[in-house]
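The values are calculated or read from the model by the stated rules, or taken from the named source; none is laboratory data. Since the model is a prediction, treat every value here as computed from it, not as a measurement. Cβ placement follows ideal geometry from the backbone for every residue including glycine, while neighbour counts extend to all protein chains displayed. For accessibility, only protein heavy atoms count, side chains too; no ligands or nucleic acids. Shrake-Rupley method; radii C 1.70, N 1.55, O 1.52, S 1.80 Å.
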Amino acid sequence: MIREDLISALHRAAAACGAAAPDDLALDVPRQREHGDWSSNLAMRVAKEAGRNPRELATELVGALEAMDLAHVERIELAGPGFINFHLAPTWVHDVVRDVVERGAGYGAGADLAGRRINLEFVSANPTGPLHAGGGRWIAAGDAIANLLAIRGAEVSREYYLNDTGNQLNLLKASLAARYRGEPLPDDGYVGDYVVELARELRDAHGGDLADDDLCELGLQRIIDGIRSDLERIGVQFDTWFSERTLHERGDVAAVLTLLREGGETYEHEGAEWLRTEQHGDTRDRVLVRSDGTTTYLCNDLAYHRDKFARGFTHLINIWGSDHHGQVKSLQAGVEAVTGQVDEPEIILGQLVRLVRGGEEVRLSKRAGNVVTLADILDEVDGDVARMTFLLQSLDTKQTFDLDVVTSQAMDNPVYYVQMAHARIASIARKATDAGVDRRPIAEVDLGPLRHAREVETLRKLAVFPDVVADAAAERAPHKIAHWALEFSGLFHGFYHDCRVLGEDDDVTQARLWFNEACRIGLANALAVLGVSAPETMVRLDDAGDDADGDRGAASPAPSGVRE
RNA sequence: GCCCUCGUAGCUCAGGGGAUAGAGCAUCGGCCUCCGGAGCCGUGUGCGCAGGUUCGAAUCCUGCCGAGGGCGCCA
């Protein structure tokens with residue numbers, strides 16, 4: 001591919017000029033088209049340490065590059081303070097088509113994470129109630145990040161940690177028992193309607209004589225089933241559901257305590273047992289065993305993370321809401337004390353979702369009826385819409401999830417813009433087949449006719465997809481894929497508007513059929529990373545009302561507006 | 001008080017050392033004998049403020065202002 005060729009050429013040119021090019025040599029697509037197809041700041045990067053004037057060095061580099069007679073390169077210019085700009089013949093994008101088609105579903109894949117066994121823990125909401133709407137962000141992001149890591153070669157395991165013991169669960173038990181027996185809720189009890197409903201369901205199914213423990217177990221199971229159901233609806237499959245109880249039952253918690261005590265990492269103070277986390281970078285020491293003898297969340301979590309390493313993972317990643325950022329140092333310090341592993345687990349912090357309905361923020365009030373669950377959202381929009389909405393924004397930005405916009409105006413949702421592009425691509429291929437126009441083997445097809453500005457621009461964007469994937473994976477930033485998909489779809493819609501595939505001269509049709517196929521691959525791969533379906537057809541807006549259950553096939557996302 | 005994250009167009013957000021800062025929505029105005037108009041094209045006095053580092057800062061550093069979050073033997 002052209003990018004690798006140019007980078008390689010730059011390295012050779014640098015060597016020829018007596019300068020060493022850095023490993024992370026920048027080769028970018030300039031914002032201004034006049035600045036060429038690709039641009040490098042190599043001269044400016046190395047001028048200082050080489051003791052050279054940037055423009056002078058760049059002149060020399062350009063000379064060396066010109067002497068290489070590089071494929072597709074029409075002109076190399078020195079510009080501005082020392083940029084080296086490559087102007088390519090439009091033919092370079094033809095190689096992009098061939099490359100994409102050849103790689104197929106593997107286009108965008110890489111091996112930079114090969115050999116890594118990564119455990120990605122996300123969601124992990126306490127099983128004391130249904131998943132909150134805001135939790136959808138962690139679900140969508142976690143699944144997409146897992147896909148990103150996998151596509152770059154890592155072996156990724158998605159894990160859900162069930163905190164099925166401890167204070168929160170006791171509180172659930174007390175709350176459930178109170179509702180079940182019609183007694184007043186305990187202080188700080190769970191006031192949500194779901195507890196009332198749960199109590200009623202359990203009474204209906206098992207009568208009114210359940211003991212508190214049984215009540216709690218049955219309720220817990222129902223809540224977990226509900227969480228699983230929500231995750232299924234949004235299309236996320238976890239590899240492992242890890243129960244905190246097993247840590248206690250197997251003696252893992254006791255074992256980690258013994259380990260730490262033997263290592264001299266703990267001490268007694270005011271009746272509690274503390275871990276010297278400050279020695280490992282925390283702001284202060286933390287309690288492992290309370291004065292009542294119970295272990296803290298941190299203590300249990302250390303046993304948990306020790307277990308993850310014991311299962312053979314080489315790297316651990318947790319996705320947390322930013323409201324937990326205060327625990328990052330403590331956990332990492334503790335894990336270092338337990339395992340010796342530094343900077344583990346990696347914590348991806350995401351800003352919380354701000355829910356807005358009717359122009360007003362839906363506060364996470366403890367008052368019943370004010371909690372918006374993920375299931376509520378999925379009742380109104382399909383999983384693709386929810387996912388795309390969550391994924392469009394950087395995890396660093398607190399997200400405003402406007403329920404009115406996402407639900408009642410679902411037609412404007414960017415996900416349909418992207419899916420429509422994919423459906424159009426599929427439609428063109430279908431029409432070609434119906435018309436008896438067969439796509440000849442790409443090796444026999446001259447892609448020369450692909451020189452329309454729409455085609456070239458679309459292929460330029462397609463060409464950077466692997467770079468975007470690599471960057472998104474390294475940054476744990478799935479929104480970059482969402483934005484690429486959006487931009488790419490826009491370019492394809494532009495092509496579709498201005499260019500026709502069928503009904504043109506045969507050589508044009510053949511070239512464009514392959515262009516179309518390359519676009520399909522790129523878009524499908526991007527959607528696969530996002531976990532959003534790539535439909536062959538869309539349900540027509542004007543058909544949706546009276547024929548929502550038509551024969552369009554399961555792949556067709558039903559516009560949410562169909563439902564009242 | 002200390003710590004973390006974030007302040008970019010009317011709104012929601014990209015861009016996070018490179019050359020003239022972008023998109024969607026909204027506004028206003030164009031485009032349908034056409035592979036599906038859920039489309040295309042045009043329309044923009046914006047990087048919170050002040051210093052600093054650099055050949056170059058929206059981007060990195062410091063301070064201030066503003067928003068959110070965190071500072072438990074809760075999770």
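Give the residue, chosen from A:Asp446, A:Asp438, that is at pLDDT 95 or above and not in a helix (DSSP H, G or I). Talk me through it step by step, then tell me what you get.
Values: A:Asp438 fails: at pLDDT 95 or above.
It is A:Asp446.
Here is a list of conditions, (1) over 28 Å from A:Asn300 (Cα atoms); (2) within 21 Å of the chain's Cα centre (by Cα), and A:Pro184 meets all of them except one; can you say which number that is?
(2)
Any chance you could count how many residues in region A:23-69 are open to solvent by 30 Å² or more (accessible area, probe 1.4 Å) and more than 9 Å from RNA strand B (Cβ to nearest atom)?
Going through region A:23-69 one residue at a time, the tally reaches 18.
Would you point out the residue of region A:316-333, among those that are assigned to a helix (DSSP H, G or I) and either hydroxyl-bearing (Ser, Thr, Tyr) or more than 8 Å from RNA strand B (Cβ to nearest atom) (or both), that is nearest to A:Ala477 (Cα to Cα)? Don't jump to the end; show me each part of the working.
Here is the first cut: in region A:316-333, the ones assigned to a helix (DSSP H, G or I) are A:322-333.
If we keep only those that are either hydroxyl-bearing (Ser, Thr, Tyr) or more than 8 Å from RNA strand B (Cβ to nearest atom) (or both) too, we end up with A:322, A:328-333.
Numbers: A:Ser322: 16, A:Val328: 19, A:Lys329: 22, A:Ser330: 25, A:Leu331: 23, A:Gln332: 22, A:Ala333: 25 Å.
Only one residue tops the list, namely A:Ser322.
Any residue that is near RNA strand B (Cβ under 9 Å from one of its atoms), under 19 Å from A:Val353 (Cβ atoms) and part of a loop (DSSP other than H, G, I, E, B) - is there at least one of those in region A:409-426?
Checking region A:409-426: at least one residue is near RNA strand B (Cβ under 9 Å from one of its atoms), under 19 Å from A:Val353 (Cβ atoms) and part of a loop (DSSP other than H, G, I, E, B).
What residue, among those in region A:3-19 that are within 16 Å of RNA strand B (Cβ to nearest atom) and at pLDDT below 90, is most open to solvent (accessible area, probe 1.4 Å)?
Once the filter is applied, the top-ranked residue is A:Arg3.
What about A:Lys461, is it more than 8 Å from RNA strand B (Cβ to nearest atom), crowded, with 16+ Cβ neighbours inside 10 Å and not in a loop (DSSP other than H, G, I, E, B)?
Details: more than 8 Å from RNA strand B (Cβ to nearest atom): yes; crowded, with 16+ Cβ neighbours inside 10 Å: yes; not in a loop (DSSP other than H, G, I, E, B): yes.
Yes.
Please state which one of A:Thr397, A:Thr389 is surrounded by 13 or more Cβ atoms within 10 Å (Cβ to Cβ) and either at pLDDT 90 or above or among the polar types (S, T, N, Q) (or both).
On the way: A:Thr397 fails: surrounded by 13 or more Cβ atoms within 10 Å (Cβ to Cβ).
Answer to the check: A:Thr389.
Does A:Leu403 fit the bill of being near RNA strand B (Cβ under 7 Å from one of its atoms) and surrounded by 18 or more Cβ atoms within 10 Å (Cβ to Cβ)?
Against the criterion (near RNA strand B (Cβ under 7 Å from one of its atoms) and surrounded by 18 or more Cβ atoms within 10 Å (Cβ to Cβ)), A:Leu403 does not qualify.
From A:Ala518, A:Ala526, A:Ala511, A:Ala548, grab the single residue that is more than 26 Å from the chain's Cα centre (by Cα), at pLDDT 95 or above and aliphatic (A, V, I, L, M).
A:Ala511
Could you give every pair whose Cβ atoms fall below 6 Å, whose first residue belongs to region A:60-81 and is outside any helix (DSSP H, G or I), and whose second residue is hydrophobic (A, V, I, L, M, F, W, C) and surrounded by fewer than 14 Cβ atoms within 10 Å (Cβ to Cβ), counting only separations of at least 6 or pairs across chains?
That search, which allows pairs on different chains as well, returns nothing.
Scan A:Tyr190, A:Tyr194, A:Tyr160 and give me the residue that is among the aromatic types (Phe, Trp, Tyr), modelled with pLDDT of 95 or more and either in contact with a Gly (Cβ under 9 Å, 6 or more places away or on another chain) or within 16 Å of RNA strand B (Cβ to nearest atom) (or both). Don't jump to the end; show me each part of the working.
Values: A:Tyr190 fails: modelled with pLDDT of 95 or more; A:Tyr194 fails: modelled with pLDDT of 95 or more.
Unique residue meeting the criteria: A:Tyr160.
In the set A:Asp301, A:Asp292, which member is among the acidic types (Asp, Glu) and open to solvent by less than 40 Å² (accessible area, probe 1.4 Å)?
The unique qualifying residue is A:Asp301.
Counting just the residues of region A:252-279 that are of a type in the set (A, V, I, L, M) and outside any helix (DSSP H, G or I), which one comes out farthest from the chain's Cα centre (by Cα)?
The selected residue is A:Ala272.
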